[in-house]
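Peer 1: My structure is below; once you've seen it, I'll send some questions.
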Amino acid sequence: MKSFSAKSDLQTYLNPLRKKKKKIGFVPTMGALHKGHLSLVKRALYKTDVCVVSIYVNPTQFNDFKDLESYPRTVDSDVLKLRQISDNIVVYVPTNEDIYGKDFSLSDFDFMGLDKIMEGANRPGHFKGVANVVERLINAVQPKFTFFGEKDYQQLSIIQHLNQKHRWRTTIVPCPTEREYNGLALSSRNQKLSETSREKSGVIYEILKQVKLKFSTNSMENLKLYVKKKISMHKDFIELEYFEIADELTLTPAKKNQKKLKYRAFIAAKVEGVRLIDNIQLN
Ligand code: AMP
């Protein structure tokens, strides 16, 4: 398995493959790999000839310095996990300078309002950082297909929008959310939780599933009240940051259920100071 930390070396390796018409797939990650990430890698290997996995904790997408500092970094064991899957994986572990040059100067993007709600509203500057790193990574790898998880659904929507608008010349492939046995969406941040809280946090997905069941017979307002009430019943360990129901395509918050539209419910909550997010398709 090949591993590179410089974009120029990565490209020297990939260019001849591209000339031989090998299809390149790309899975951008921040490492601390779990089964969710690996499901994207497996999907990429199925659909392409070579899968590039980047491992880079992108400082510009963190609005909270403590969160950046405490983000798990486990590159050696990540590489081991990838090696166990296939030899057709290329690992790219860039330095800050390889991505941003010396000055970290960021481009501005028009997110068409997709950044004004939910994660965008609660994490100022987050999506600007995400867009900057994804654009730079895609430029470096030039993949035919790039794989993103529905776990970060708003991020996926924003990337799809930017890919069309800025012609990054890749196809974005959405991949379903992988979960722990209790339903908690897998996340690198889960390892920061105590065992008890990790266990109890399964309630987040339980609540989302209830919302899905109730969706066709309840108003948006009732559903929001229901979630607030349910979370407050567990206030000894969990705090709600937001719950929203939005149009799946435009992410416009829904006021009432219009039969022709597809909706998704989105939630962010804090457990032991760790932000957990999840979402579910409703209809
Ligand atoms: P991250 O390392 O958190 O930036 O995630 C890298 C990619 O893996 C993103 O496209 C995420 O949406 C995706 N991902 C993270 N967790 C999961 C999960 N539980 N199931 C599926 N994809 C995931």
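The values are calculated or read from the model by the stated rules, or taken from the named source; none is laboratory data. A quick note: this is a predicted structure, and the numbers were derived from the prediction, not measured. So basically every Cβ, Gly included, is an ideal-geometry build from the backbone, and we count neighbours across all protein chains shown. These accessible areas exclude ligands, DNA and RNA; they are computed on the full protein's heavy atoms, side chains included. Shrake-Rupley method; radii C 1.70, N 1.55, O 1.52, S 1.80 Å.
Peer 1: How much length, in nm to one decimal, is gained on full extension between SER105 and ASP67, taken as 0.36 nm per residue of separation minus their Cα-Cα distance? Please report the intermediate quantities before stating the final value.
Peer 2: Details: separation 38, 0.36 × 38 = 13.68 nm, distance 2.14 nm.
The span from SER105 to ASP67 would gain 11.5 nm if fully extended.
Peer 1: So how far apart, in nm, are the two label points at ARG179 and LYS256 if each is 7 Å from Cα heading toward Cβ?
Peer 2: Taking the simple label geometry, ARG179 and LYS256 are separated by 3.1 nm.
Peer 1: Let me ask something additional. How far is the Cα center of the stretch 224-239 from the Cα center of the stretch 37-108, in Å?
Peer 2: So the two Cα centres are separated by 34 Å.
Peer 1: While we're on this one: Work out the charge dipole of the stretch 2-175 with +1 on the Cβ of Lys and Arg and -1 on the Cβ of Asp and Glu about the Cα centre, then indicate which of THR48, LEU10, PRO72 is farthest towards its positive end.
Peer 2: THR48
Peer 1: Helix-only estimate, please: 222 nm mean residue ellipticity of the chain, summing -39500 (n - 2.57) across DSSP H runs of length 4 or more and dividing by its residues, to the nearest 500. If you can, show how the numbers build up before the last one.
Peer 2: Working: 11 runs with 114 residues, N = 283.
That calculation yields -12000 deg cm²/dmol at 222 nm.
Peer 1: Right, here's the next one. So what are the ³J(HN,Hα) numbers for the stretch 128-138, from phi and the Karplus equation (6.51, -1.76, 1.60; θ = phi - 60°), rounded to whole Hz, Gly and Pro as x?
Peer 2: 4, x, 4, 4, 4, 6, 5, 4, 5, 5, 5
Peer 1: Long-range amide H contacts for LEU186: which residues qualify at under 5 Å (H placed 1.01 Å from N, peptide plane, sequence gap of 5 or more or a different chain)?
Peer 2: Result for LEU186 returns GLU178, ARG179, GLU180.
Peer 1: Given the Cα atoms of the stretch 141-198, and with Rh set as the inverse mean 1/r over their pairs in the Kirkwood sense, what is Rg to Rh to two decimals?
Peer 2: On the way: Rg = 14.9 Å, Rh = 13.2 Å.
That ratio equals 1.13.
Peer 1: Past the 34 angstrom mark, what percentage of all C-alpha to C-alpha distances in the chain do you count? Each step should come with its number before you reach the end.
Peer 2: Working: 8269 of 39903 pairs.
Looking at the chain, the distances longer than 34 Å represent 21 percent of pairs.
Peer 1: Calculate the radius of gyration of the Cα atoms of the stretch 1-62 to one decimal place, then report Dmax, the largest Cα-Cα distance, as a whole number, both in Å.
Peer 2: 12.7, 39
Peer 1: How far is it, in nm, from the label point at MET233 to the one at LEU80 when both lie 7 Å from their Cα along the line to the Cβ?
Peer 2: Here the answer is 4.2 nm between the modelled labels.
Peer 1: Can you tell me how much longer the chain between GLN210 and ASN96 gets when fully stretched, taken as 0.36 nm per residue apart minus their C-alpha distance, in nm with one decimal?
Peer 2: Numbers: separation 114, 0.36 × 114 = 41.04 nm, distance 4.27 nm.
Full extension of this stretch gives 36.8 nm more.
Peer 1: For SER54, enumerate residues with amide H under 5 Å from its amide H, sequence gap 5+ or separate chain, H modeled in the peptide plane.
Peer 2: Amide H neighbours of SER54: VAL27, THR29, TYR92.
Peer 1: Cut-off under 17 Å on the C-alpha distance; same-chain residues fewer than 8 positions from LYS19 excluded. Which lysines are left, in chain and number order?
Peer 2: LYS144
Peer 1: I would also like to ask the following. With a probe of 1.4 Å, find how much accessible area the stretch 188-281 has per residue, and write the answer as a whole number in Å². All intermediate terms of the calculation are to be shown ahead of the outcome.
Peer 2: Details: 5290 Å² over 94 residues.
That works out to 56 Å² for each residue.
Peer 1: Could you tell me how many cubic angstrom of Cα convex hull volume the stretch 188-281 has per residue?
Peer 2: Working: hull volume 8.5 nm³, N = 94.
Taking the convex hull of the Cα positions in the stretch 188-281, it is 91 Å³ per residue.
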